[in-house]
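Only one structure is covered here, and it is reproduced in the block below.
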Amino acid sequence: MKYIGIHKKGEFSFSELLKSVKAREDFRRAGAIATFVGVVRGETLDGEKVEGLELQAYEEEANKVLGSICADLKKREGVVDVQIHHFVGEFGVGEDLVYVVVAGAHREHVFGVLREAVERYKSEAPVFKKEHLVDETGARESYWVSEREAQQKRGKK
């Protein structure tokens, strides 16, 4: 089983994630596990209705980046394990998109590292999100989030 990186939707579950953390030989040093589960939100930050998302990744590079982030954060004091599992495919509202887990000796070791892991994968990993929206008239629109953000920065919608 691949412990860090990109997975197709359905290839890896949250329960498998926890089992993989607890199966580590050095888990005996852990006293806390913090997790983040990213899910498909049913509306955009602007209040538009989201029907679903499509996620794609430059998989080879994304696996390197996610592995590097985890390896870097595992060096922190009191940290036993860091894993990031990002899914690709088509997703409906409420479905899981990403799991991030940090195991550490004490709770004070895990929360900051968890937040940093989330911020770093979002900014560093080549994972691309396409939102599928529907407006109040039933009209549908799809766009890659990075393209729309660029348009909004230039003052277009």
Handout entry: Residue in segment 57-70 that is of a type outside the set (Phe, Trp, Tyr), within 13 Å of the chain's Cα centre (by Cα) and under 24 Å from GLY42 (Cβ atoms) present
Key = yes
Problem - Some residue of segment 16-35 being under 20 Å from PRO126 (Cβ atoms) and either among the aliphatic types (A, V, I, L, M) or in contact with a helix residue (DSSP H, G or I) (Cβ under 9 Å, 6 or more places away or on another chain) (or both) - result: no
Exercise for the section: Return a yes/no flag: does segment 41-55 have any residue that is in contact with a strand residue (DSSP E or B) (Cβ under 7 Å, 6 or more places away or on another chain), in a strand (DSSP E or B) and of a type in the set (Lys, Arg). Expected result: yes
Handout entry: Qualifying helices (runs of 4 or more DSSP H) (wholly inside segment 57-157; at least 1 residues being modelled with pLDDT of 95 or more, hydrophobic (A, V, I, L, M, F, W, C) and on the phi < 0 side of the Ramachandran plot)
Key = 59-74, 107-124
Exercise for the section: Return the total of residues in segment 45-72 being closer than 30 Å to GLY138 by Cβ and hydrophobic (A, V, I, L, M, F, W, C). Expected result: 4
Handout entry: Test: residue in segment 3-14 that is surrounded by 14 or more Cβ atoms within 10 Å (Cβ to Cβ) and under 16 Å from GLY94 (Cβ atoms)
Key = yes
Practice task
Give segment 82-113 a look and list any residue that's in contact (Cβ under 8 Å) with a residue 60 or more places away in the chain and surrounded by fewer than 19 Cβ atoms within 10 Å (Cβ to Cβ), or say none.
Solution key: GLY89, GLU90, GLU95, ASP96, ALA105, HIS106, ARG107, PHE111
Problem - Among (1) of a type in the set (Val, Ile, Thr); (2) assigned to a strand (DSSP E or B); (3) surrounded by 15 or more Cβ atoms within 10 Å (Cβ to Cβ), the one test that VAL37 misses - result: (3)
Exercise for the section: Answer yes if at least one residue in segment 26-33 is at pLDDT 95 or above, within 22 Å of GLY112 (Cβ to Cβ), in a loop (DSSP other than H, G, I, E, B) and touching a strand residue (DSSP E or B) at 6+ places or on another chain (Cβ under 9 Å), and no otherwise. Expected result: yes
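The values are calculated or read from the model by the stated rules, or taken from the named source; none is laboratory data. Predicted model, so just to flag it, every value in this text is computed and none were measured. Methodologically, a virtual Cβ is constructed for each residue, glycine included, from the backbone with ideal geometry; neighbour enumeration extends over all protein chains shown.
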